[in-house]
Structures are given as structure tokens and as C-alpha cells.
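Report on the following structure.
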Amino acid sequence: MSHYTIKILKAKGHYFDFFGKYIQFEEVTRMDLFEKCYNYGPESPLYDAKIATEKGLYPYFIPFEETEGTEVTYNGRKLIMLGSNNYLGLTHHPKVREAAKKAIDEYGTSATGSRFMNGTLKIHRELEDALAEFLHKESVIVFSTGYQTNLGTISALLEPNDYAIMDTEDHASIVDGWKMSHSRFMRFNHNDMDGLERALKKTDEKAGKLIVVDGIYSMAGDIAPLGKIIELKKKYNARLMVDDAHAIGVIGEKGRGTANYFNLEDETDLIMGTFSKSFASLGGFIAGDKEVIEYVKHFARPFIFSASMTPASAAAAFASLKIMQEEPGRIEHLWTISDRMRTGLKELGFDIGSSNTPIIPVYIRDRWKTVMVWKELFDMGVYVNPVLPPAVKPKDCLLRTSYIATHTEEQIDRALSIFEAVGKKCGII
């Protein structure tokens, strides 16, 4: 007779469950819920954080005193910022700042309610209409954060018998959206189109299928092969959602993103974006057919049960959208700066993978060496983001660098000089 063991508190004995299987209960000592917060072993990320802090190497939660976009100040010392998602350099643009201030004067600091109740403002609707026109889609809704956008859209559309099909390097919010949906799940190796087709072949042909990919991947800095993905989408009767958080404002005509870049806007069902990057604000949005967006609007729990975007955030995003279209030279300079840095890092001998965008990873491949190189760069005046497990696989530990349209050539030259000095000192090049 088959049996299994369940550990419970303050009970001991043996019973048969509903299916006739033998269950043995074992008594265990009650544990305080917070025990894991105070006592943990080397397998916990908190252990590494504690060791790094003790050694003065902890690289996170650094409180900058001021920022001018391309430079930040820490303890009175200026560093070149090579870790920001402020791709178009609009966080300090006078029109963006003025729009945010004006919105506070007009609407106050918060809408103090969900979009369903008192939280929909005229500026929300104006922003949504402008985004729909910009992205050549019928309709848009804005969420309070980009994370909520993925969580809400995916969980609203997928039901338990449907399939979520995702790239292994998709953002965590995409995966969490699937978890909230309780649908079936399949993954394929990064940008592996044979792997995507194998996954699609395994699905029930009668089930709903949603392929979700990043347009530009936030760590590797490469672009999804959208043309091939759409071929497979059509072949297996699936739908496609593209997370363009790092692509809008960066690629495509006037920054319209991945679908526009490949001239595949009509074939891309849903386009997601965030306001915390090129839009110099906070929030997110989903764009698509009117009927689909109306469905998401009425079924996405993170949308229904969250307060709406603050007036200042909506106004800043709206102003950034206008500047994006009025000043295309920003995108051109962003690419000039990024290409110069990519060429320079390659010539110095750094491993930058397959990056072909303003996100350029520097692969170190070892956890503690990555932190050490980060600290050397930090001490010499360059800020980058160290990326460690679980954000990447252990063998893919890296320093994530990203570039801003307002970086100067002098700053890039100085950054390359510091990279060279640190790379040689640490034995990387």
C-alpha cells in the first residue's frame, strides 16, 4: 500500500486519506515565523549579504545624495552613472519637471483611489490616448507600476487550461503574472526559436496560448527575434505579448519599440511598456485591441485594487512622450554613445556577450569577483550594477552597464580608462 508522511504541529498518528492512501503524521517542534529572519545558513542570500557588508563590499541600497542623470554624488564624491535606465536623459528635462509641478498644482499629490472609483483623472485618459496613437494600437490602459502591468495583464488573460510560453530571460514580473493565473507553463532557452517551436508543439492545440518575450532583454542587452516568433505564433495559433520596458524610447521610429523596429506592429498583439525608464517617471501600460484592453481593464486585479498613477507621474510620462517625438536626436546620440562604449569594451578584451543595444553587460562569471570588480570601479568613480543569482545563473554573474542620451564623449572616455585600469588590476583583461 502506498503511503506518505506529513509533518504537522501537535499531532501524531496514522490515517487514510480520501484516496485510500496511508498517511503517517509526525510531530515537529513549533517554529517562530520570524526564525528564518534571525538565523540562516550559508545557503541563504542573506548570508552573502551579511558577509559582504562586514567586508565593506555590499553593493546595494546605496543612498545617493544628488543626481544630474549622468553623474551621481555619494559621500560628496561624484561618480559617472553607468547603471541607470534613464535612457533619454529626461529626468531633469525642464519640460518634464515643469509638467510634474503643474500637475501637482492642478490635481494635488495623489488621486487617492483606484481607477474604478475616484482615481481616474483627465490626465490619465489623455496619456492613454496619446500612447495608443504613438504605438499604432487601438487602446491603452496605464497601471501604477510596470510590475503591476505584467502581473495584471497576464493573470487576467490566462485561465488554468491555457498556456504561458516564456523565454528563460523574461522579467520576473512576467513569471509572477503566470503564477497568479494558475495556467500551464512552458519555457524555452533564451532566443532559441527551435526551443520555442518544441514548446508550442507540446501544447494542446485547443488551448489558449500566450507567448511573452522581452523586446530588449534587460541583462543581456539583445533584441528578441520578433519575426521568427511571429511566424511560430501564427503557425500554432498563439497570441504574442512583448514587454518593451527597455525598448520604447530606444529602438524603432522615434522610439516606438520592437514591433515598430521590425515593422511588425500589426502582428504583435500586445505591447507592454514602463514609465520608469525612457519616460522619466513611474508606472506602466499595456496596448492592444480595444476589446482586449477592455477585458484586461475589468479583470486585472492589480489594476482594479490599486490606487491610480499619481498626477505628477502621469504628467511627467506625458511630457516625456512629447519630447521623445520632438527630439529624435536624443535617440541618435544614445546609440552613438552606446556603440562607442561597446567598441571600447570589446577592444579592451571584456566579455560583453551578444549585446547590440544601450544595455551592455560585462560578464565576470564569478559571484565574489563580480562584487570585487564592482567595488574597484565604484572607488575609482564609475557606478555600475552588479547582477548576481538569482537574477542570473551563477555562471552568468555580470556588471550591467547602460547608457544615457546625455552622456558626453568625455565621460565615456573616462569610463573606458577606468574600466581598463580595473580590468587589469583584477585580472579580467
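For a straight C-alpha distance cut-off of 17 angstrom, the lysines reachable from Lys202 (same-chain residues fewer than eight places away being disregarded) are Lys233, Lys234, Lys235. Answer rounded, prolate or oblate for segment 139-259, using the Cα gyration tensor with square roots of eigenvalues a ≥ b ≥ c: rounded when a/c is under 1.5, else prolate when a/b is larger than b/c, else oblate. Note, shape of segment 139-259 comes out oblate.
Binning the alpha carbon pair distances of segment 292-429 at 10 angstrom intervals from zero yields the distribution 11, 31, 24, 22, 11, 1, expressed in whole percent. Our summary of shape: the Cα atoms of the chain have principal axis extents of 75, 54, 48 Å, ordered from largest down, in whole angstrom. Most mobile of Phe305, Phe350, Phe285 per a Gaussian network model of the chain (Cα springs, under 10 Å)? Taking springs between Cα atoms under 10 Å, the residue moving most is Phe305. Counting protein heavy atoms only, the chain has 52 percent of its accessible area on carbon and sulfur, 1.4 angstrom probe. Over 25 Å between Cα atoms: which of Lys78/Lys322; Lys78/Lys277; Lys55/Lys395; Lys290/Lys322 fall into that group? In this structure, Lys78/Lys322 exceed 25 Å between Cα atoms. Looking at segment 122-213, the GluC sites (Glu not before Pro) that sit in a DSSP loop and have at most 16 other Cβ atoms within 10 Å of their own Cβ are Glu138, Glu205. Counted over the chain, the DSSP beta bridges are approximately 55% antiparallel. For segment 354-364, the Karplus equation 6.51 cos²θ - 1.76 cosθ + 1.60, evaluated at θ = phi - 60°, returns couplings of 10, 4, 9, 9, x, 9, 10, x, 10, 7, 9 Hz by residue, with Gly and Pro reported as x.
Along the positive direction of the dipole of segment 32-149 (beta-carbon charges: Lys, Arg +1; Asp, Glu -1; about the Cα centre), which of Ser144, Gly89, Thr112 reaches farthest? The residue sitting most towards the positive pole is Gly89.
Each of Leu157, Leu210, Asn191 was scored by the projection of its Cα onto the charge dipole of segment 114-229, and the greatest displacement toward the positive side belongs to Leu157; charges sit on the C-beta of Lys, Arg, Asp and Glu.
What number, rounded to the nearest 500 deg cm²/dmol, is the helix-based mean residue ellipticity at 222 nm of the chain, given -39500 (n - 2.57) per DSSP H run of at least four residues and division by all its residues? Mean residue ellipticity at 222 nm (helix-derived): -12000 deg cm²/dmol. Per the Debye formula on identical point scatterers at the alpha carbon atoms of segment 60-198, with no solvent, log10 I(q)/I(0) at q = 0.21 Å⁻¹ is -1.25. Oblate is the label for segment 230-345, because a/c, from the alpha-carbon gyration tensor with a ≥ b ≥ c as root eigenvalues, is 1.5 or above and a/b does not exceed b/c.
Here Lys297 is the anchor, and the aspartates and glutamates within straight C-alpha reach of less than 17 Å, apart from those fewer than 8 places off in the same chain, are Glu126, Glu128, Asp129, Glu138, Glu159, Asp269, Asp289.
The values are calculated or read from the model by the stated rules, or taken from the named source; none is laboratory data. Just so it is clear, the model here is predicted, and its values are computed rather than measured. No Cβ is skipped: glycine too gets one built from the backbone with ideal geometry, and neighbour counts run over all protein chains shown. Calculation scope for accessible area: heavy atoms of the full protein, side chains included, ligands and nucleic acids excluded. Shrake-Rupley method; radii C 1.70, N 1.55, O 1.52, S 1.80 Å.
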